[in-house]
Amino acid sequence: MHGLVIAQETIPGANLWYPTILGVLVVIAAVGLFCGTPYLLLATNLGSRLGFLVAAAGLTGMLFLISCLWLTTASPLNTLHGRAPSWKAVESLPSEDIARSKIPAVQTIHQTGTKVNTTEQANVKAAVDSTVVTPQGGPGEVTVTGTSKFAKYQQATDYIVSNTYETGGGNIFSQFKVSVNGTFPVLHLSTHKPLYAVVDICPIDEQAAIVPYGVKPPTPVCDKDVSKRESLVFEKDLGSTRVPPMVALFSFALLFTLCLLGLHWREKDMRERAAVLARASSGSSPTPQKA
């Protein structure tokens with residue numbers, strides 16, 4: 001569960017040498033070994049400048065191909081990837097006051113929205129658990145700040161999700177959204193229509209759950225007090241899973257292109273020099289005399 005820090009995760013005996021200095025030395029040694037060795041071999045055969053261009057072109061070309069794999073793989077695990085798609089809680093209000101929501105698309109979701117299936121409801125339920133449940137520190141764990149402002153339950157079994165509705169979603173030509181980050185406005189451009197989900201939750205009836213010892217616990221039911229029921233509004237965050245691979249793809253493509261241009265310009269200069277030398281040698285040679 002998020003919000004928990006495991007004390008055993010820290011490196012035992014950490015200091016300035018390990019892992020800071022040792023980590024920097026390992027990176028430098030790896031770059032020198034895997035990038036410096038090919039350059040050394042190429043420089044001894046082609047010269048320092050041409051060897052550097054060939055080595056740089058080979059490295060950036062390989063990184064370009066790898067970034068293509070990062071971008072096209074179905075599940076970019078152990079690669080460059082951004083935020084995964086997730087549900088973000090944006091509003092909470094009593095179930096009977098859903099029409100007073102600040103989001104127009106949510107105000108009539110009970111009438112115009114779509115009731116989700118069991119699979120999607122399970123995905124939303126995971127987001128609900130991480131939003132409304134207060135993290136509890138266990139053995140070897142320390143509870144930290146950063147608890148969601150919507151957290152009000154101690155366990156995920158203290159409440160019931162009665163209904164889940166969705167509205168919105170899909171692609172549109174473009175959509176502009178302005179948010180304020182601190183004191184500066186931030187402009188967001190999206191080609192997707194926002195997808196909202198409204199989850200109706202209610203606390204369980206604790207009195208109905210009390211049964212004599214040995215009797216099978218009954219199925220949890222909602223508390224009879226309607227005023228305790230609330231609707232939690234979520235907005236789908238599409239994430240940025242493909243953004244870092246795409247940035248790497250364009251960056252390595254630019255570097256690879258510059259390396260190829262450098263090789264092309266060098267070859268062009270060599271041809272021009274060879275042509276000048278050829279014209280100079282032909283002009284200085286004596287012309288044959290006729291008998």
Condition check for residue 231: at pLDDT below 90, surrounded by 14 or more Cβ atoms within 10 Å (Cβ to Cβ) and polar (S, T, N, Q): yes
Would a scan of region 91-101 turn up a residue that is under 26 Å from the mean Cα position of the chain (by Cα) and at pLDDT 85 or above? yes
Could you grab me the full set of residues in region 69-96 that are of a type outside the set (Val, Ile, Thr), under 30 Å from residue 202 (Cα atoms) and open to solvent by less than 80 Å² (accessible area, probe 1.4 Å)? 84, 85, 86, 87, 89, 91, 92, 93, 94, 95
Any residue at all in region 117-125 that is modelled with pLDDT of 85 or more, open to solvent by 40 Å² or more (accessible area, probe 1.4 Å) and either more than 14 Å from residue 197 (Cβ to Cβ) or touching a helix residue (DSSP H, G or I) at 6+ places or on another chain (Cβ under 6 Å) (or both)? no
Flagged in region 100-129 as of a type in the set (Ser, Thr, Tyr), touching a strand residue (DSSP E or B) at 6+ places or on another chain (Cβ under 7 Å) and in a loop (DSSP other than H, G, I, E, B), in numbering order, are 101
Of all residues in region 258-281, how many are within 14 Å of residue 51 (Cα to Cα), free of Cβ contacts under 8 Å to residues at least 60 places away in the same chain and hydrophobic (A, V, I, L, M, F, W, C)? 0
Being aliphatic (A, V, I, L, M) and in a helix (DSSP H, G or I) is the requirement here; does residue 84 meet it? no
A careful count of residues in region 189-220 that are open to solvent by less than 70 Å² (accessible area, probe 1.4 Å), in a loop (DSSP other than H, G, I, E, B) and farther than 20 Å from residue 116 by Cα gives 5
Taking region 221-251 and keeping residues in a loop (DSSP other than H, G, I, E, B) and touching a Ser or Thr at 6+ places or on another chain (Cβ under 9 Å) leaves 229, 238, 239
How many of the residues in region 140-183 are out of contact with any His (no Cβ under 7 Å at 6 or more places or on another chain), hydroxyl-bearing (Ser, Thr, Tyr) and either within 27 Å of residue 105 (Cβ to Cβ) or at pLDDT 75 or above (or both)? 8
Based on this model, can you work out whether residue 259 counts as part of a helix (DSSP H, G or I), surrounded by 10 or more Cβ atoms within 10 Å (Cβ to Cβ) and touching a helix residue (DSSP H, G or I) at 6+ places or on another chain (Cβ under 9 Å)? yes
Considering each residue of region 35-68, count those that are closer than 25 Å to residue 244 by Cβ, of a type in the set (S, T, N, Q) and open to solvent by 60 Å² or more (accessible area, probe 1.4 Å), and give that number. 0
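The values are calculated or read from the model by the stated rules, or taken from the named source; none is laboratory data. Quick caveat: nothing in here was measured; it's all calculated off a predicted structure. Reconstructed Cβ throughout: ideal geometry from the backbone, glycine too, with neighbour counts over all protein chains shown. These accessible areas exclude ligands, DNA and RNA; they are computed on the full protein's heavy atoms, side chains included. Shrake-Rupley method; radii C 1.70, N 1.55, O 1.52, S 1.80 Å.
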